[in-house]
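S.K.: Once you've had a glance at the structure underneath, I'll fire off some questions.
FYI, it's all coordinate maths here, none of it is from the lab. Predicted model, so just to flag it, every value in this text is computed and none were measured. Note: ideal-geometry Cβ built from the backbone for every residue, glycine included; neighbour counts use all protein chains shown.
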């Protein structure tokens with residue numbers, strides 16, 4: 001860790017902040033936050049991504065001062081920090097608006113209407129992709145798939161979900177944001193926070209709003225509702241009844257969880273048992289697999305939930 | 001509704017089998033209280049009463065395969081860790097869900113983060129890990145809030161931290177937010193990113209099991225895989241294998257999106273079919289005809305209505321020429337231009353290519369240009385061969401699976417819809433009206449912007 005570096009770089013009262021350009025008060029405050037971030041990881045450099053979010057929570061973007069600050073905290077060069085900051089799309093290289101309004105224009109949302117929503121917003125706001133309105137309120141973006149395809153077309157405001165949008169609903173949202181109104185996402189906190197506030201949360205500092213909003217929207221519950229209506233369950237009934245039937249010692253209520261059972265059950269040696277079966281695909285013997293063979297895609301491959 | 005469509009000969013089970021999703025309609029479902037009220041943490045209790053090796057054996061016996069797309073057996077992955085050497089070993093949960101069409105882990109963590117935390121605790125105990133990480137993409141603010149809160153609640157209840165539930169087992173969990181990079185879903189890129197670097201894939205071997213996070217033995221598992229562990233441990237491997245098919249055991253979240261009447265999450269045994277799922281989801285929007293769909297995200301070769309009865313398990317989908325992937329069923333009806341769809345996916349891959357290896361970096365860049373001109377009516381017949389040739393030079397030659405994935409929509413769509421590509425070329429433009437495919441009414445703008453895509 002770079003406690004020494006931090007201390008040195010912070011300098012004495014009479015000494016100007018050498019590299020970052022932040023004043024002493026700001027450095028002291030941010031350095032305290034940075035230390036908390038570093039403490040979450042076995043190795044300090046892991047703190048860099050959250051620390052860049054922290055810098056954005058101060059400056060509204062990854063400023064030169066912010067890069068120098070991170071470099072000092074982690075004993076890296078400014079070039080090393082810049083190399084990371086420029087790799088990730090959430091780090092902004094110029095001052096961001098109070099609200100990032102992102103319209104998903106990846107294939108599914110685009111076809112369901114995302115392209116038209118983006119065009120309408122762009123025309124309405126008079127800005128293009130990654131441009132900010134003159135009042136500094138809204139930065140418009142095209143965004144990639146945000147894992148809400150069953151709510152398409154989707155718009156994100158400061159990375160809160162606005163589901164099932166239309167051009168009309170989207171322009172209404174940005175008008176209200178620009179008018180300074182509180183705007184509630186479809187699934188998220190009770191109101192959208194600012195870009196800086198959001199960045200502080202992403203740095204790992206909670207804002208106490210986790211309990212706001214819904215647990216799930218209707219599409220999330222579509223299958224469950226149907227199962228409830230028809231009385232469909234997994235074998236043995238719903239989770240709570242099954243657990244209720246457990247042995248008092250908390251042991252497994254059924255099956256082969258016990259050591260003896262696991263060894264003794266014929267299933268352990270059967271074909272579906274990965275524990276015992278002969279390799280049948282490349283992936284069985286080579287965890288990362290060979291490229292190009294569908295069965296052998298690495299777990300975190302892009303077929304993955306990557 | 002669709003009981004009759006359950007194929008004969010498969011194990012008899014209900015068409016939908018809510019396990020992971022079973023608590024999602026509970027009041028304040030994301031809280032520890034709600035999760036416990038529905039039987040949560042029984043799996044952890046059961047696990048802590050066993051030897052870690054027995055927990056691994058149970059998960060192996062369940063046949064659980066990675067739910068992040070590759071389908072590698074989860075228990076086997078755990079088994080690849082070398083014997084303990086006294087140093088740290090890590091569990092890293094891949095919560096960077098970003099594959100186009102994939103939308104299961106994010107709603108799971110929004111509605112039921114404790115299921116993931118319980119899975120993390122059990123898995124960590126099983127593999128001898130004392131510091132686990134959940135790497136969640138940065139673009140889902142409220143999900144990150146919920147995860148932070150879930151971890152906080154679990155610590156307070158003694159389910160994480162020192163001496164978990166009096167077992168003597170210590171576990172620290174760090175929830176880490178990414179910053180916007182699809183490539184970080186690739187497990188070694190994720191590890192580099194977690195180490196504070198640019199998220200670029202590593203050369204394998206060594207695999208993470210041997211040299212992962214901080215070059216220590218590491219298990220990287222998908223959210224849904226880890227969240228499936230508590231039920232398996234609590235209810236047994238037999239219970240799990242009673243669902244699904246012989247080699248694709250258990251249940252999974254099937255995510256229907258696009259031109260369907262009721263898009264959403266449908267938790268069903270593996271081996272169900274799109275015909276069954278479509279039936280449950282109210283069929284195609286407005287009774288229109290199904291044109292094409294992805295079985296497991298944009299990186300899996302597309303299917304058509306000829307594949308409605310393909311069992312959605314790893315083997316059957318692979319045999320039919322695609323991949324089960326993440327069960328991200330993006331469904332497009334007859335109003336959709338396949339060239340537009342593929343062109344946009346290709347923009348995505350070009351944008352997200354990390355730049356580390358030449359075939360992917362250059363290949364996706366050029367495919368994007370070629371597809372844009374075909375879509376805009378300026379392509380030539382030779383462009384189709386050029387695309388296929390480019391794919392041929394990416395597939396199997398890229399550093400990681402992103403490059404391979406980028407070729408899937410291109411090659412599969414040219415194979416299935418070559419005439420439609422040719423119509424764009426000979427007709428000098430796109431014959432489809434984008435407004436017809438949208439979910440709201442509007443009038444298409446005069447000249448469609450050919451080059452709007454991929455400006456990131």
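S.K.: If a/c stays under 1.5 just call it rounded; otherwise compare a/b with b/c (prolate if a/b is bigger, oblate if not). Do that for the range A:136-243, with a ≥ b ≥ c from the square roots of the Cα gyration tensor eigenvalues.
M.R.: Since a/c reaches 1.5 and a/b is larger than b/c, the shape of the range A:136-243 is classed as prolate.
S.K.: Modelling each spin label as a point 7 Å along the Cα-to-Cβ direction, I'd like the residue B:441/residue A:19 distance in nm, to one decimal.
M.R.: Result: 6.1 nm between the two label points.
S.K.: Give the percent of DSSP beta bridges with both residues in chain B that are antiparallel, rounded to the nearest 5.
M.R.: The answer is about 40 percent antiparallel.
S.K.: Sort the range B:338-437 into rounded, prolate or oblate with this rule: let a ≥ b ≥ c be the square roots of the eigenvalues of the Cα gyration tensor; rounded if a/c is under 1.5, and if a/c is not under 1.5, prolate when a/b is larger than b/c, oblate otherwise.
M.R.: Because a/c hits 1.5 or more and a/b exceeds b/c, the range B:338-437 counts as prolate.
S.K.: Now for a different question. Can you give the alpha-carbon Rg of the range B:155-310 over 2.2 N^0.38 Å, where N counts its residues?
M.R.: That ratio works out to 1.34.
S.K.: Now for a different question. Could the peptides B:370-378, A:172-180, A:140-148, B:176-184 be put in order, highest first, of the mean number of other beta-carbon atoms found within 10 Å of their residues?
M.R.: Ranking the peptides B:370-378, A:172-180, A:140-148, B:176-184 by packing returns B:176-184, A:140-148, B:370-378, A:172-180.
S.K.: Arranged by the count of other C-beta atoms within 10 angstrom, fewest first, what order do B:192, B:305, B:27, B:22 take?
M.R.: Neighbour counts put them in this order, fewest first: B:27, B:305, B:192, B:22.
S.K.: From the square roots a ≥ b ≥ c of the eigenvalues of the alpha-carbon gyration tensor of the range B:281-376, which class results: rounded (a/c under 1.5), prolate (a/b over b/c), or oblate?
M.R.: Cα axes put the range B:281-376 in the oblate bin.
S.K.: Each label point is 7 Å from the Cα along the Cα-to-Cβ direction; what then is the distance between the points at residue A:212 and residue B:369, in nm?
M.R.: Each label point lies 7 Å from its Cα, and together they span 4.7 nm.
S.K.: So if each residue of separation counts as 0.36 nm, and I subtract the Cα-Cα distance between residue B:386 and residue B:426, what length gain in nm does that give?
M.R.: Taking residue B:386 through residue B:426 to full extension adds about 12.7 nm, to one decimal.
S.K.: When you look at the Cβ of every residue in B:193-202, what mean number of other chain Cβ atoms sits within 10 Å?
M.R.: 6
S.K.: Report, in degrees rounded to the nearest 10, the 0 to 90 angle that the Cα long axis of helix B:141-156 makes with the longest principal axis of chain B.
M.R.: 10
S.K.: I would also like to ask the following. Exposure proxy check: A:61, A:151, B:135 ranked by fewest other beta carbons within 10 Å?
M.R.: A:61, B:135, A:151
S.K.: Gap in Å between the Cα centre of the range B:156-219 and the Cα centre of the range B:227-256?
M.R.: Result: 24 Å between the Cα centres.
S.K.: To the nearest whole percent, what portion of all C-alpha pairs in the protein assembly as shown is separated by more than 35 angstrom?
M.R.: Across the protein assembly as shown, Cα pairs with separations above 35 Å total 42 percent.
S.K.: While we're looking at this one, here's another question. How large is the Kirkwood hydrodynamic radius of the range B:14-241, in angstrom, based on all distinct alpha carbon pairs?
M.R.: 17.3
S.K.: Beyond 29 Å, what percent of the Cα pairs of chain B remain?
M.R.: Value for chain B: 49 percent of Cα pairs lie more than 29 Å apart.
S.K.: On C-alpha positions alone, give me the angle between the axis of helix B:338-352 and the longest principal axis of chain B, in degrees, nearest 10.
M.R.: With rounding to tens, the tilt is 50 degrees.
S.K.: When ranked by the protection proxy of mean other Cβ atoms within 10 Å per residue, highest first, what sequence do the peptides A:35-43, B:144-152, B:264-272, A:102-110 form?
M.R.: A:102-110, B:264-272, B:144-152, A:35-43
S.K.: Please determine, in degrees from 0 to 90 and to the nearest 10, the orientation of helix B:223-235 with respect to the longest principal axis defined by the Cα atoms of chain B, where the helix direction is its Cα long axis.
M.R.: The two axes meet at around 40 degrees.
S.K.: Now for a different question. Regarding the range A:26-110, what whole-number volume in Å³ per residue does the convex hull of its Cα atoms give?
M.R.: Looking at the range A:26-110, the number lands at 115 Å³ per residue.
S.K.: Here's a follow-up. Take each of the peptides B:90-98, B:413-421, B:241-249, B:319-327, average the number of other beta-carbon atoms within 10 Å over its residues, and list them starting from the highest.
M.R.: Those peptides, ordered most packed to least, come out B:90-98, B:319-327, B:241-249, B:413-421.
S.K.: Using r as the Cβ-Cβ distance of residue B:362 and residue A:86, and R0 as 30 Å, what FRET efficiency do you calculate, to the nearest 0.05?
M.R.: Once rounded, the FRET efficiency stands at 0.90.
S.K.: Rg and Dmax of the range B:225-336, using alpha carbons, in Å: what are they?
M.R.: When restricted to Cα atoms, the range B:225-336 yields Rg and Dmax of 14.3, 47 Å.
S.K.: Turning to a different aspect of this structure: With each label point set 7 Å from Cα along the Cα-Cβ vector, what nm distance links residue B:51 and residue A:134?
M.R.: Taking the simple label geometry, residue B:51 and residue A:134 are separated by 7.5 nm.
S.K.: For B:50-59, what's the mean count of beta carbons from other chains sitting within 10 Å of each residue's beta carbon?
M.R.: 5
S.K.: Further, regarding this structure: In whole Å, how far is the Cα centre of the range A:22-48 from that of the range B:275-328?
M.R.: Value for the Cα centre distance between the two parts: 48 Å.
S.K.: With a 10 Å Cβ neighbour count serving as the proxy for reagent exposure, in which order, fewest first, do B:356, B:162, B:77 appear?
M.R.: Final ranking by Cβ density, sparse to dense: B:162, B:356, B:77.
S.K.: Counting only other chains, and only Cβ atoms inside 10 Å, what mean value do you get across the residues of B:325-336?
M.R.: 3
S.K.: Relative contact order of chain B: what whole-number percent is it, with Cα pairs under 8 angstrom and at least 6 residues apart?
M.R.: That works out to 16 percent.
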